[in-house]
Amino acid sequence: MNIKHNLNKIKQSIPKHVTLVAVSKTKPVSDLMEAYNAGQRIFGENKIQEMADKYQEMPTDIKWHMIGHVQRNKVKYMAEFVDLIHGVESFKLLKEIDKQAKKHDRIIDCLLQIKIAEEDSKFGMSPSEASTILQSEDFSVLKNVNIIGVMGMATFTDNQNQIKQEFDLLKSTFDTLKTIKPDLSTISMGMSGDYPLAIDCGSTMIRVGSSIFGTRN
Ligand SMILES: *Cc1c(COP(=O)(O)O)cnc(C)c1O
């Protein structure tokens, strides 16, 4: 696996307005450093403890994205340093992030995770729940979180039509939410297997792991 080569190939193939998150979960710091030395500064992890350990060991100019499911009782372990939380799937979680961010005098950027897949195993809220949150009084008083967009994961399938439909749903949800909160900027969708399609459907942020670092065990 030539991490630098993989990274450069992907970066050359995506438009300038699309942000690449290098998904480094389960990979050793030495692999992340290869990507870092090739210029990558945004890394995505799906376990808070693992991300906190890597944060301690690695250069301070890295932006750490939490892309996995977040347990409320663990938000405190990343509140000091996390750059963007992709998987906000409830108002309760948003409230906890706000509370922990406040302790560090920070404003933490968040994405609302929308359930676009048909699989029950995937997390996320409905588009209407997301609208309700953005319009609520309860949300307007949270001063230490900033919702900058949406995130979604398509169904694990070879059916490109179905994946496209799910990406289209996330894009249209984003467009609707943007009428409520005009400063929304980010649509996080697309992984190794489907990021070109995601970009065609309007993605502005892709989360790519195995195509950079190789397959995971
Ligand atoms: C693991 C993971 C990815 C990256 O998956 P690859 O197929 O290895 O690119 C993207 N998003 C989320 C939420 C993940 O958990």
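Only the coordinates and a few stated rules stand behind these numbers; no lab work does. These numbers come from a predicted model, not from an experiment. Note: ideal-geometry Cβ built from the backbone for every residue, glycine included; neighbour counts use all protein chains shown.
Some observations on this one:
- Sole exception among (1) in contact (Cβ under 8 Å) with a residue 40 or more places away in the chain; (2) within 13 Å of the ligand (Cβ to nearest atom); (3) farther than 20 Å from TYR195 by Cα for VAL23, by number: (3)
- Residue in the range 134-157 that is farthest from the chain's Cα centre (by Cα), counting only those that are surrounded by fewer than 20 Cβ atoms within 10 Å (Cβ to Cβ) and within 14 Å of THR176 (Cβ to Cβ): GLN135
- Members of the range 184-202 found to be more than 12 Å from the ligand (Cβ to nearest atom) and either of a type in the set (S, T, N, Q) or surrounded by 19 or more Cβ atoms within 10 Å (Cβ to Cβ) (or both), listed by number: LEU184, SER185, THR186, ILE187, ILE199, CYS201
- Members of the range 51-68 found to be surrounded by 15 or more Cβ atoms within 10 Å (Cβ to Cβ) and either more than 16 Å from the chain's Cα centre (by Cα) or assigned to a loop (DSSP other than H, G, I, E, B) (or both), listed by number: ALA52, LYS54, TYR55, MET58, ILE62, ILE67, GLY68
- Hey, THR179 free of Cβ contacts under 8 Å to residues at least 40 places away in the same chain, surrounded by fewer than 13 Cβ atoms within 10 Å (Cβ to Cβ) and within 28 Å of LYS4 (Cα to Cα) or not: no
- If you go through the range 197-217 and keep only what is out of contact with any strand residue (DSSP E or B) (no Cβ under 9 Å at 6 or more places or on another chain) and either at negative phi or part of a helix (DSSP H, G or I) (or both), you end up with LEU197, ASP200, SER211, THR215, ARG216, ASN217.
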